[in-house]
1. With the crude spin-label approximation of a point 7 Å out along Cα→Cβ, what separation in nm comes out for Y222 versus N253?
2. Just subtract the alpha-carbon distance of N194 and S172 from 0.36 nm times their residue separation and send over the number in nm, one decimal.
3. Fully extended, how many nm does the chain gain between D145 and T186 (0.36 nm per residue separation, minus their Cα-Cα distance)?
4. Within 10 Å of each residue's Cβ, count the other Cβ atoms and sort F102, F66, F156, F182 from fewest upward.
5. What nm distance separates the two modelled labels at D120 and I77, each placed 7 Å from Cα along Cα→Cβ?
6. With a point put 7 Å past each Cα toward its Cβ, work out how far D161 is from K64 in nm, to one decimal.
7. Give me K108, K135, K197, K267 sorted ascending by neighbouring Cβ count inside 10 Å, so fewest comes first.
8. Neighbouring Cβ atoms within 10 Å as the yardstick, rank I266, I227 fewest first.
Amino acid sequence: MVKICSNCGTENPDGAFWCNKCDKILFRDQVVEQKIPVEEHREQILEQQGTYNSFDNFENKSLKLFIVGFIIVIVFICVFIYFSLFIGFDFNWINCQFNEDFWFEEDKIITSDGWTITMDRVQDYTLDGRVLALKTYNKHDSPYDPCNYFCPIDLFIGVDDVKANPDNYDYSIRSFSNRKVFWYMTYDTISDYNYFKSHTGNNHLIPHNEDVLNMMQNISVYDQVLIIGGLVNLYGERDGETIYRSTDTHIGNYDCEAILVDELIIK
């Protein structure tokens, strides 16, 4: 009778308590009869050890794959946020439905979530310019804004020389969200900066018909657009809540124009 060490496979006398090679404790159940080939028993022990090691390696590989996948997801999210906020990248996702999510009743806009928005038409309005940046909104955006139901897109537009020669102005869009656009301009003279500031504006477009809403899906940055409609002030109520949105009567100087769009042409 001999004892086979489960750690190194060394043969030891039946009465041995410690392995002669690796000093591992030997137990009684490690005794094998001489009629069983010692080499075969040693191979069985080593095979079992290999199985355990393979299982450990499998767990380690799974953990590594999980960590790598998690890092890839985080990097993707960071890149998406960077392009969305600082480069002006936008998926141009408009999902509101005309006569379903919102509809018109005389001088009012009614939304499917219960808002009644009264429109005060300030004046007729025509805007011919170039899209420098755009931002789309949908009813599921956070933070919630009832205007997202019926005003699904904002356009940062340049007119006159900014429209004709946008490359002459070294500007960059810092962010475009929550109905606000922030831009930065490197200028040689203060007059260039003031001209750009007074000939650009953030325009909130309200489609007055389904054709205009469908056309909004096709707008891209640097497109030249012709917008025909009217400037409106908005006052809304729902279950004791109120909102008020005012418009400016001319483009420029960081002012915003809320436009009820009767016709939209992309040139």
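1. It works out to 3.2 nm between the two label points.
2. Numbers: separation 22, 0.36 × 22 = 7.92 nm, distance 1.53 nm.
Extra length from N194 to S172 when fully extended: 6.4 nm.
3. Computed gain between D145 and T186 is 11.4 nm.
4. Placing the least packed residue first, the sequence is F66, F182, F156, F102.
5. 4.4 nm
6. 6.1 nm
7. Placing the least packed residue first, the sequence is K267, K108, K197, K135.
8. Listed from fewest to most nearby Cβ atoms, that is I266, I227.
Coordinate-derived values only; no laboratory data. Just so you know, these numbers come straight off a predicted model, no measurement behind them. Neighbour counts run over all protein chains shown; Cβ positions are idealised from the backbone, glycine included.
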